[in-house]
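Bear in mind that the values in this text are calculations on the coordinates, not laboratory data. These numbers come from a predicted model, not from an experiment. Glycine also receives a Cβ, built like all others from the backbone with ideal geometry; neighbour counts cover every protein chain displayed.
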Amino acid sequence: MADTVVGATSDPHASGPHASGDDPSRRDFINIAAIAATVGAVGGLAWPLIDQMNPAGDTLALASIEFDLTKVEPGQQVVVKWRGKPLFVRHRTPAQIAAAVKDDHADLRDPQTDAERTKPGKAEWLILVGTCTHLGCVPTVGGGEYGGWFCPCHGSVYDTSGRIRKGPAPKNLEVPTYSFLSDTKIKVG
Amino acid sequence: MSGHSTYEPKTGFERWLDTRLPIIRFMNDTALDFPTPKNLNYWWTFGGILALMLGIQIVTGIVLAMHYVPHVDYAFNSVERIRRDVNYGWLIQFMHANGASMFFLAVYVHIFRNLYYGSYKAPREVLWILGCVIYLLMIITAFMGYVLPWGQMSFHGAVVITNLIGALPVVGKSITTWLWGGFAVDDPTLNRFFSLHYLMPFVIAGVVILHIWALHVPGNNNPKGVDVKSKADTVPFHPYYTVKDGFAICVFLLMYATFVFYMPDVLGDAINYVKANPLVTPQHIVPEWYLLPFYAILRAVPNKLMGVILMFAAIAVLFILPWLDTSKVRSMRYRPTARLYLGIFFLACLVLGFCGANPPDQPILGHEPSGFMLLDADINSIVWLSRIGALYYFAYFLLVMPILGLTETPLPVPEGISEPVLSHPAAAPTGAAAAPEKRG
Ligand code: HEM
Ligand code: FES
């Protein structure tokens, strides 16, 4: 190929009388524009490919449930499935509530009062997401030295308000958004 | 791939092909005539074993995928159906499940071989790093594969591991939701894990090709750890090492077959024969044996984020090993002190494995805790044993390797592969030359 090029002046890189400097900058512009367009296009396509893995519309639509509290006796806990996770519905006894309130100002890792974790006037109902805030195992009810929950996986201990008291978990058991539809019915999510 | 080729096309077709796609030349130069150090021992046969295991996992996996159903309602039953009803399904499924264990066994031997003979040192750093990439991809593949049968351990293992990422500040939670495709490990998670579990082994195969390419530029290291000086130091790969590798593969396959046919379930966890139930966590969550040491490191740290960071660091540190080891001597045959520390490192890995398999608060000596609390845990507990193990694991790479290389005095290193260490020239004839006659 090289031997078909006759004469050095046709080489655009040579500094001849015509290479005044605006040609290279035009080429730079085209290069930059082409690269920017490619990056934009790849980025624009990458997002759908990434976002498709986020929860789909129908998954999000299944997000709330209603639950009838009359099924739960005092001192008992019922576990229902909510958003693929266990939901704890615990009917606390007065002693358990008292134990939780007594520790409101103890040295807590994730300080919260018992009142902040229940609805006003409904202290007997504790509604929690039943996954340990360490790595997501399901804690067993009544275990541990606070009579709340004990997580078998790595030994986290929660009190009767679901607050973390011992072990590797960083946070209290999560209270989901829920509301009372009537005295005996709640809507979670 | 490097050096000049010895291939001579013999037939007209071979000559025709050679000028168009020199694939036969390529095969000849990489697998038949490749000059290989003449003193390689059996620890060098595990590369071939690994290639075979990857092939077996891919073939058995593709067959399993013909019968497996990636859906939370059917996955567990479909695997049971493969075992009971599909023709030879039991064989294929046991080969695949035990094959993963054999694959990891071989990769650990292979990695320790490299640690002992210093094969990660210049000029083989890229080769070593590609090996680390393969190992990491194997871990991800095996983890996702273990989720597929959708037993109790599959499910809760997936919950615990994906929640690890949730420990990252700010982005952690959105990344886990993204991985799950929902609010928990559920059907979308199982589906994508199946898709990726199918894909990853082929990615591994691609990296294996790069790995072998990077091997064939500097050539093999050898038990003496000295450079090849001349043609006299090497033999052609075929027939010398094809036969040696072949023999080792047969022995390895015998062991593999023993597991497949006589004890297909010993390496697995019985609880995985119970179908996944998101509402009940098994008493004791453990990963497969080959990931136990990392699990022990994770649990050794009371802080969730730090535990996660340390666990990943335990793998990450392997990548920079070529620059942590300051010794110029490759083979530990000539580094008695380093050999001792490596031995302890091996023990530390076993101890960590033992810790990972047992509950954190379990006593080590006797059945009772000592009653003496050190910081947050009883001193006679798995937690403290894992801390000691983890400490040594990191100290070996970050302290022993850099310092020892500068302070130790290695034994005399031979000049080349063919020459013995000649401290007393008179000793040479009795040693090297007399031996072949005795062997007859
Ligand atoms: C790097 C190679 C591979 C490794 C380490 C690996 C590992 C695993 C493991 C540990 C399991 C769980 C088995 C059990 O405990 O019962 C599994 C299951 C499975 N794998 Fe793989 N695998 C590999 C390659 C493949 C490939 C290439 C495919 C598909 C083309 C595949 C398809 C499957 C299927 C369908 C299952 C579910 C059935 C079962 O549990 O036996 N695997 N794999
Ligand atoms: S998951 Fe509960 S303590 Fe680790």
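Side notes on the structure shown:
- Computed from Cα atoms alone, the Kirkwood hydrodynamic radius reported for segment B:1-71 is 15.7 Å.
- Taking a ≥ b ≥ c as the square roots of the eigenvalues of the Cα gyration tensor, an a/c ratio of 1.5 or more together with a/b no larger than b/c marks segment B:65-214 as oblate.
- Solution diffusion estimate, µm²/s, Stokes-Einstein, segment B:286-339, Kirkwood Rh from C-alpha pairs, 4 °C, viscosity 1.567 mPa s: 97 µm²/s
- Helix axis angle, A:22-51 relative to chain A longest principal axis, alpha carbon, degrees: 30 degrees
- Put the Cα centre of segment A:43-57 next to the Cα centre of segment B:44-117 and the gap is 31 Å.
- Short to long, the 5 Å bins of the Cα pair-distance histogram for chain A hold 1, 7, 12, 13, 12, 9, 6, 4, 4, 3, 3, 3, 3, 3, 4, 4, 3, 3, 2, 0, 0 percent of all pairs.
- When the Cα positions of A:Q52, B:V79, B:T242 are compared along the charge dipole of the protein assembly as shown, B:T242 comes out farthest toward the positive end, with charges on each C-beta of Lys, Arg, Asp and Glu.
- Check: the protein assembly as shown dipole with +1 on Lys, Arg Cβ and -1 on Asp, Glu Cβ, in debye: 720 debye
- 0 to 90° range, to nearest 10: angle between helix B:187-216 axis and chain B longest Cα axis: 10 degrees
- Other protein chain Cβ atoms within 10 Å, averaged over every residue that makes up A:74-86: 3
- Across segment B:234-248, coupling constants 3J(HN,Hα) worked out from phi with the 6.51/-1.76/1.60 Karplus curve, θ = phi - 60°, read 10, 10, x, 4, 9, x, 4, 8, 4, 6, 4, 4, x, 5, 4 Hz, and Gly and Pro carry x.
- Positive-end extreme of charge dipole, segment B:286-408 - chosen from B:S381, B:A395, B:P287 (charges on Cβ): B:A395
- Normalised by 2.2 N^0.38 Å, where N counts its residues, the alpha-carbon radius of gyration of segment B:28-281 equals 1.15.
- Once exposed loop trypsin sites (Lys or Arg not before Pro) are cut out (DSSP; at most 13 other Cβ, 10 Å), longest piece of chain A: A:1-108
- Average partner coverage of A:128-136, which counts Cβ from other chains inside 10 Å: 6
- Highest average packing first - A:54-60, B:52-58, A:134-140, Cβ atoms within 10 Å: A:134-140, B:52-58, A:54-60
- Under-5 Å amide H pairs with A:K185, H placed in peptide plane, nonlocal only: A:L69
- Using alpha-carbon coordinates, inclination of helix B:382-395 to the longest axis of chain B, degrees: 30 degrees
- Residue-wise HN-Hα coupling along segment B:81-95, computed from phi with Karplus coefficients 6.51, -1.76, 1.60 (Hz; x: Gly, Pro): 5, 4, 5, 9, 10, 5, 4, 6, x, 4, 5, 5, 5, 5, 4
- Highest-first arrangement of B:90-101, A:38-49, A:149-160, where packing means the average Cβ count within 10 Å: A:149-160, B:90-101, A:38-49
- Dipole magnitude (debye, nearest 20) for segment B:286-408, charges at Cβ of Lys, Arg, Asp, Glu: 600 debye
- Residue mean of other protein chain beta carbons inside 10 Å, B:154-163: 3
- Taken over the Cα atoms of segment B:286-408, the convex hull encloses 123 Å³ per residue.
- Relative to its residue count, segment B:1-150 spans a Cα convex hull of 171 Å³ per residue.
- By the equivalent-ellipsoid construction on the alpha carbon gyration tensor, the protein assembly as shown comes out with semi-axes of 53, 35, 27 Å, ordered largest to smallest.
- Put the Cα centre of segment A:85-147 next to the Cα centre of segment A:156-189 and the gap is 6 Å.
- Unit charges at the beta carbon, dipole of chain B: most positive-side option, B:V217, B:M306, B:L321: B:V217
- Kirkwood Rh in Å, taken over chain B so that all alpha-carbon pairs contribute: 24.6 Å
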